[in-house]
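Below is one structure; the comments refer to it alone.
Derivation of every value follows stated rules applied to the coordinates shown; laboratory data play no part. Nothing here was measured: the structure is a model prediction, and the numbers come from that model. All Cβ positions, glycine included, derive from the backbone under ideal geometry; neighbour counts span all protein chains shown.
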Amino acid sequence: VDQESLSTLPNVYSGNVAYNNLFYNSASPSFDKFATHDNNHFVNSGGSHSEPNGTSAASGDPFVNMTALDFRLKAATSAGATLLAPFNADPYGKVRGSDGTGDRGAFEFASGGGAVSALAPPNNLSVR
């Protein structure tokens with residue numbers, strides 16, 4: 001199903017922000033529920049949406065291996081907004097901007113070949 005980006009969630013209409021996202025080959029995102037949005041990067045996804053610090057590209061796959069669901073970056077992006085902890089670290093724990101530039105998207109570019117350690121499984125989980 002071709003779902004429009006950001007179209008149905010969240011159901012709360014206040015306090016939502018969208019910073020440093022990377023949209024790739026997606027429908028143009030709807031920011032109807034995100035009054036505050038900037039520093040996003042759009043690759044073949046509807047332009048920069050008039051964001052003062054938004055960037056866009058007509059083509060180019062930014063990911064290491066999207067078909068294998070490896071969404072790490074092939075290269076650094078232009079700097080995004082500075083984020084406070086815990087949002088300043090990617091899922092691998094790499095602190096954004098540790099190489100001088102905080103990348104856009106879920107993952108910070110890993111300079112030096114992109115090697116990263118495996119994700120640690122969650123602990124202290126409980127089911128009730």
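Observations on the model:
- Label-to-label distance for residue 17 and residue 83 is 1.1 nm, based on points extended 7 Å past Cα in the beta-carbon direction.
- Phi-derived couplings, Karplus 6.51 cos²θ - 1.76 cosθ + 1.60 at θ = phi - 60°, listed residue by residue for the range 28-40: 4, x, 9, 9, 4, 9, 10, 4, 10, 8, 5, 6, 8 Hz, with x used for Gly and Pro.
- The peptide list 43-55, 75-87, put in order of mean Cβ contacts within 10 Å with the highest first, becomes 43-55, 75-87.
- Environment charge of residue 71, counting only residues whose C-beta is closer than 14 Å and scoring Lys/Arg +1, Asp/Glu -1: -1
- Contour minus Cα-Cα distance for residue 56 and residue 25 (0.36 nm per residue): 10.0 nm
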